[in-house]
Amino acid sequence: MSKTPAPKPAASKAGARSTRAAGQGDVGVATLDAPAASKSSFTDRFAPPKPPSRAAVHAESHMPPKAAAPAHADPKLANAWKTKPGHLLSDAEVLAMPEGEYMNAKQIEFFRAKLQALKDSVLSNAGETTEHLREDTTIVPDPADRATIEEEHALELRTRDRERKLLKKVVQSLARLDSGDYGYCDETGEPIGVPRLIARPTATLSLEAQQRRELKQKMFGD
């Protein structure tokens, strides 16, 4: 007599179904979570940077400024004054001289030559003006041409008047070179500076003192 196989317990089938259902649910959850994760990573990648905290901003504002890299002068220009006479030095070579050599013998010689050349130029222009003024305008027949010549003479006289004042300053600067006062401010006694003296050899005030004087003149008049 053959034995009838015993039926499998229902609980095992139910457990199997629950296991498969759980597996499918996990797959579904993983599938749904994947886009969310990629979306969050995309957002983090392209999101604007967060502003620094107040503490970081305060600490950065109180940091000492970075020191600028020192500018290195051309050694050929910086040492040219040691081998060349002062009257042959160029403006760039005098500017490259060390600050400790301010108003040394070479610089005094350099500015003396510059002032003397300026004086000679002013005197030469004055001689040319004298020759032009000697031209007799009465022999010009056309009144329009005669008026043009007279206007040119008036303009030239105004120019020579400015140069006359400049000549006076040049003579005074040459005297300051002889007395040892050249290159120093009349008000403060501080060095005027080589760059300013090269631009204006007749300067007697530093840039700051000159600005203060111009401001007073603007506010209170001469």
* To do: May I ask you to give the average projected area over all directions of the convex hull of the Cα atoms of region 159-220, in nm² rounded to one decimal?
  => 5.0
* To do: Take the cross-link list Lys114/Lys169; Lys106/Lys169; Lys84/Lys168; Lys119/Lys218; Lys119/Lys168 and give me the ones stretching past 19 Å between alpha-carbons.
  => Lys106/Lys169; Lys84/Lys168; Lys119/Lys218
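We did not get these values from a lab; they are worked out from the coordinates using the rules stated. Note that the coordinates shown come from a computational prediction; the quantities given were computed from them, not determined experimentally.
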